[in-house]
Amino acid sequence: MSPLAGIALFLLTVLGMEGFAYAAHRWVMHGPGWFLHASHHRPRTGPFEWNDLYAAIFAVPSIALLYMGVQLQWWPGFTWIGAGIAAYGAIYFGFHDVIVHRRIPHRYVPRSRYMKRIVQAHRLHHAVETKHGTVSFGFLWAPPPQVLKARLRAGAADSGRRTDDL
Ligand SMILES: [Zn+2]
Ligand SMILES: [Zn+2]
C-alpha cells in the first residue's frame with residue numbers, strides 16, 4: 001500500500017469514527033448501555049466515572065487492528081485503520097474530556113467559531129440528565145446552537161420538562 005493511500009485510509013477512519021461515535025452515543029449509550037453512560041450525565045464524584053469504560057471498550061478494535069497490521073503483518077491497511085481509531089480517541093479525549101469537561105485544569109477559552117460551536121453543542125447535550133430527550137450526540141461536527149435549542153425545547157414540551165435555562 002502506498003503511503004498516500006495509507007494516509008487517505010487513516011483520514012477516512014478518523015472521519016468515519018465521528019459517525020460511529022454518533023451512532024454509539026445515540027443508540028447504545030443512550031440505549032441499552034445507559035447504565036454506564038448515566039454516570040457521565042451526573043456530576044462526577046471522583047477522578048473516574050463508569051462511562052470511562054467506553055473509552056477502554058472502543059480501544060479494543062484499535063489495539064486488535066494495530067496488532068494484526070504491525071505485529072502479524074497481515075495487511076498494512078489494518079495499521080492505518082487502527083491508528084485512525086486511536087487518533088480519534090485522542091482527539092475526542094482532548095476536546096471532550098479536557099476542553100469541555102476540564103478533567104485536566106487549563107485556561108484555554110474557545111475563540112474560533114468552530115470551537116465555540118462544538119463546545120456549546122456538547123453543553124446542550126448535557127442540559128438533560130436523563131436517558132431520553134437530549135440532543136447533539138456527535139462531537140466534531142455539530143448543528144448550529146439555535147437548531148439544538150429548538151429541538152431541546154420541542155422535546156421538553158413533549159415531556160413537560162422546564163426549559164427556562166435555555
Ligand atoms: Zn450522553
Ligand atoms: Zn460530555
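The values are calculated or read from the model by the stated rules, or taken from the named source; none is laboratory data. Note that the coordinates shown come from a computational prediction; the quantities given were computed from them, not determined experimentally. Here the Cβ positions follow ideal geometry from the backbone for every residue, glycine too, while neighbour counts run over all protein chains shown. Keep in mind that these areas ignore ligands, DNA and RNA; they rest on the heavy atoms of the full protein, side chains included. Shrake-Rupley method; radii C 1.70, N 1.55, O 1.52, S 1.80 Å.
Taken over the range 122-143, residues that are open to solvent by 50 Å² or more (accessible area, probe 1.4 Å), over 12 Å from the mean Cα position of the chain (by Cα) and more than 13 Å from ligand 2 (Cβ to nearest atom) amount to 3. When Thr45 is tested against (1) open to solvent by 50 Å² or more (accessible area, probe 1.4 Å); (2) polar (S, T, N, Q); (3) modelled with pLDDT of 95 or more, just one condition goes unmet, and that condition is (3).
One line per residue, one yes/no per condition, for (1) within 14 Å of ligand 2 (Cβ to nearest atom); (2) under 15 Å from Gly138 (Cα atoms):
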residue	(1), (2)
Leu36	yes, no
Thr45	no, no
Gly69	no, no
Gly89	no, yes
Tyr92	yes, yes
Asp97	yes, yes
Ile104	no, no
Arg107	no, no
Gln120	yes, yes
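Once the range 1-30 is narrowed to residues that are in a loop (DSSP other than H, G, I, E, B) and either touching a residue at least 40 places away in the same chain (Cβ under 8 Å) or among the aromatic types (Phe, Trp, Tyr) (or both), the residue that is least open to solvent (accessible area, probe 1.4 Å) is His30.
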